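The values are calculated or read from the model by the stated rules, or taken from the named source; none is laboratory data. In this text the structure is predicted, and so the values were computed from the model without any measurement. Here the Cβ positions follow ideal geometry from the backbone for every residue, glycine too, while neighbour counts run over all protein chains shown. Please note that ligands, DNA and RNA were not included when accessible areas were found on the heavy atoms of the full protein model with its side chains. Shrake-Rupley method; radii C 1.70, N 1.55, O 1.52, S 1.80 Å.
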Amino acid sequence: SADMFCSVFCRWYWQKEKREPYVKFMEANYPPGFSYEDFSPLFTAEFFDPNQWADILKASGAKYVVLTSKHHEGFTLWGSKYSWNWNAVDVGPKRDLVAELATSVRNRTDLHFGLYHSLFEWFNRLFLEDATSAFKTRKFPTSKSLPELYEIVTKYQPEIIWSDGDGNAPDTYWNSTGFLAWLYNDSPVRDTVVTNDRWGVGSICTHGGFYTCSDRYNPRHLLPHKWENCMTIDRSSWGYRRDARLGDYLAIEDLVKQLAETVSCGGNLLMNIGPTHDGRIAVVFEERLRQVGAWLKVNGEAIYGTKPWRAQNDTVTPGVWYTFSPKAGKVNAIFLNWPVSGTLELGEPQAKLGETQVKLAGYKELLKWVTLGEKGMVIALPQLTPQQLPCQWGWTLQLTDVN
């Protein structure tokens, strides 16, 4: 959002915690008395092309997108009636960025459009007053947070509401149950909407729709409830960092690994990218998204519409993750390392002679295999040159008729 020059938590680190590198950077590069509000005219979004964004999102193979409509500093990316002169229509871009992206995503893709919204705001006077009274007063949610939520749902009809930032206040302060009851029963998206679990102190990983549990949550084991791993391609930031080094970005191999681990354990992967203040998706982020899309073109059957199998990862060979395709009745084994020997040993599947078939996704012929005692099998992989491989960074074996 508006925190473009010093990344997402800049305002907190600079003005509240007064962390030395942030204070020094501001002193060295901005005039004395420069306030956080003075950043807003610098947030220009002159290169923001929502059609291009939609095309990149589509190419990534994603099924939904979540835009930050407002972060913890309160600046809204739409012309909110409840955020006077602190929104993208009144200042900065002078454009309704939420409306533009929603339109492009809906016109050019089949992605579900979602919105992130922060409940609290670090420096909002009304919120700070409520906090002083130990949240016995409710000035802020009634005049700002709740009206905004009703406004974005009514105006943009997002199919995901990704709530965040409870400000250490309980759900009763936010009237989360009241809002959610309206959302699921009476709102324009009542039949399609999905929500997360960040609706007040104590609700995360316990109440709500899909669980997020914590940022960059990847348990690597099965959870009893639908969950999402919301993580960042830049290892250390949710925003754009002008000073990021190449090594700060996850490689495509890392992303495929996270995707396989997450989906095997019943989760969805929400990959965060930080756009620039001038409205661009940086080329490094675009490349990563297009690479994930290229991988999914070959291996999508092991990801989309799958359920967790009885085993999440292999017991014998590390770097093998399982998913199950209920419609096709296939067990998918995603393996991240191509074995030097040319044979892959799997400890989990129970194969049946004359019945079980093994395919490599993106390769025509069936593969040869032998059983290993009660449980397990050894599969002969085809001898392929790098050019002949169906994809890079990870491969899928599709097993039919295994117990």
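Which residue out of 258, 312 is more than 24 Å from residue 59 (Cα to Cα) and modelled with pLDDT of 95 or more?
312
Consider only pairs whose beta carbons are under 8 Å apart and that are at least six residues apart or on different chains; among these, list those whose first residue lies in region 118-138 and is under 17 Å from residue 200 (Cβ atoms) and in the same structural domain as residue 198 (by the TED database) and whose second residue is among the acidic types (Asp, Glu) and in a loop (DSSP other than H, G, I, E, B).
119/166; 120/166; 121/73; 127/121
Any chance you could count how many residues in region 92-127 are surrounded by fewer than 17 Cβ atoms within 10 Å (Cβ to Cβ) and within 16 Å of residue 74 (Cβ to Cβ)?
Result for region 92-127: 2.
Suppose we filter region 321-350 for residues that are surrounded by 14 or more Cβ atoms within 10 Å (Cβ to Cβ) and of a type outside the set (S, T, N, Q); how many remain?
16
Quick one: in region 362-401, which of the residues that are polar (S, T, N, Q), touching a residue at least 12 places away in the same chain (Cβ under 8 Å) and assigned to a loop (DSSP other than H, G, I, E, B) is most open to solvent (accessible area, probe 1.4 Å)?
Checked region 362-401; the qualifying residue most open to solvent (accessible area, probe 1.4 Å) is 383.
Residue 147: out of contact with any helix residue (DSSP H, G or I) (no Cβ under 8 Å at 6 or more places or on another chain), farther than 21 Å from residue 187 by Cβ, modelled with pLDDT of 95 or more and assigned by the TED database to the domain that holds residue 86, yes or no?
no
Given the residues 203, 133, 145, 176, which is the only one that is of a type in the set (Gly, Ala, Ser) and under 20 Å from the mean Cα position of the chain (by Cα)?
Details: 133 fails: under 20 Å from the mean Cα position of the chain (by Cα); 145 fails: under 20 Å from the mean Cα position of the chain (by Cα); 176 fails: under 20 Å from the mean Cα position of the chain (by Cα).
Answer to the selection: 203.
Pick from 328, 282: which is out of contact with any helix residue (DSSP H, G or I) (no Cβ under 8 Å at 6 or more places or on another chain), of a type in the set (Gly, Ala, Ser) and either modelled with pLDDT of 95 or more or more than 25 Å from residue 98 (Cβ to Cβ) (or both)?
282
Can residue 158 be described as part of a loop (DSSP other than H, G, I, E, B) and open to solvent by less than 50 Å² (accessible area, probe 1.4 Å)? Walk me through it before giving the result.
Numbers: part of a loop (DSSP other than H, G, I, E, B): yes; open to solvent by less than 50 Å² (accessible area, probe 1.4 Å): yes.
So residue 158 fits the description; yes.
List every residue pair whose Cβ atoms sit under 7 Å apart, with the two residues 6 or more apart in sequence or on different chains, where the first one lies in region 21-38 and is farther than 18 Å from residue 72 by Cβ and the second, anywhere, is surrounded by 11 or more Cβ atoms within 10 Å (Cβ to Cβ) and aliphatic (A, V, I, L, M).
Hits for this filter: 34/26.
Here's the yes/no breakdown for (1) over 13 Å from residue 262 (Cα atoms); (2) in a helix (DSSP H, G or I); (3) in contact (Cβ under 8 Å) with a residue 24 or more places away in the chain:
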{"position": "182", "(1), (2), (3)": "yes, yes, yes"}
{"position": "192", "(1), (2), (3)": "yes, no, yes"}
{"position": "200", "(1), (2), (3)": "yes, no, yes"}
{"position": "215", "(1), (2), (3)": "yes, no, no"}
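In this structure, is residue 191 over 20 Å from the mean Cα position of the chain (by Cα), of a type in the set (D, E, K, R), assigned by the TED database to the domain that holds residue 223 and farther than 22 Å from residue 143 by Cα?
yes
Given (1) surrounded by fewer than 19 Cβ atoms within 10 Å (Cβ to Cβ); (2) under 30 Å from residue 182 (Cβ atoms), identify the lone condition not met by residue 284.
With respect to (1) surrounded by fewer than 19 Cβ atoms within 10 Å (Cβ to Cβ); (2) under 30 Å from residue 182 (Cβ atoms), residue 284 is out only on (2).
Of the residues 270, 353, only one is outside any helix (DSSP H, G or I), touching a residue at least 12 places away in the same chain (Cβ under 8 Å) and crowded, with 20+ Cβ neighbours inside 10 Å; which?
270
Return the only residue of 69, 83 being in a loop (DSSP other than H, G, I, E, B), hydroxyl-bearing (Ser, Thr, Tyr), surrounded by 22 or more Cβ atoms within 10 Å (Cβ to Cβ) and modelled with pLDDT of 95 or more. Step through it out loud before you land on a result.
On the way: 69 fails: in a loop (DSSP other than H, G, I, E, B).
83 is the lone residue from the list that is in a loop (DSSP other than H, G, I, E, B), hydroxyl-bearing (Ser, Thr, Tyr), surrounded by 22 or more Cβ atoms within 10 Å (Cβ to Cβ) and modelled with pLDDT of 95 or more.
Tell me, which residue of region 287-312 that is outside any helix (DSSP H, G or I) and in contact with a strand residue (DSSP E or B) (Cβ under 8 Å, 6 or more places away or on another chain) is surrounded by the fewest Cβ atoms within 10 Å (Cβ to Cβ)?
So the residue we want is 307.
If I ask for residues that are open to solvent by 60 Å² or more (accessible area, probe 1.4 Å) and aromatic (Phe, Trp, Tyr), which ones from region 206-239 would you list?
Hit for region 206-239 is 238, nothing else.
Keeping to region 319-350, report how many residues are closer than 12 Å to residue 399 by Cα and either in a strand (DSSP E or B) or among the small types (Gly, Ala, Ser) (or both). Break it down stepwise before answering.
Keep residues of region 319-350 that are closer than 12 Å to residue 399 by Cα, which gives 322-325, 328-334, 346, 348-350.
Within this subset, residues satisfying the condition of being either in a strand (DSSP E or B) or among the small types (Gly, Ala, Ser) (or both) are 322-325, 328-334, 346.
The number of residues fulfilling the criteria is 12.
From 130, 164, which residue is more than 30 Å from residue 279 (Cα to Cα), touching a Ser or Thr at 6+ places or on another chain (Cβ under 8 Å) and either open to solvent by 60 Å² or more (accessible area, probe 1.4 Å) or of a type in the set (Asp, Glu) (or both)?
Going through 130, 164 in turn, the sole match is 130.
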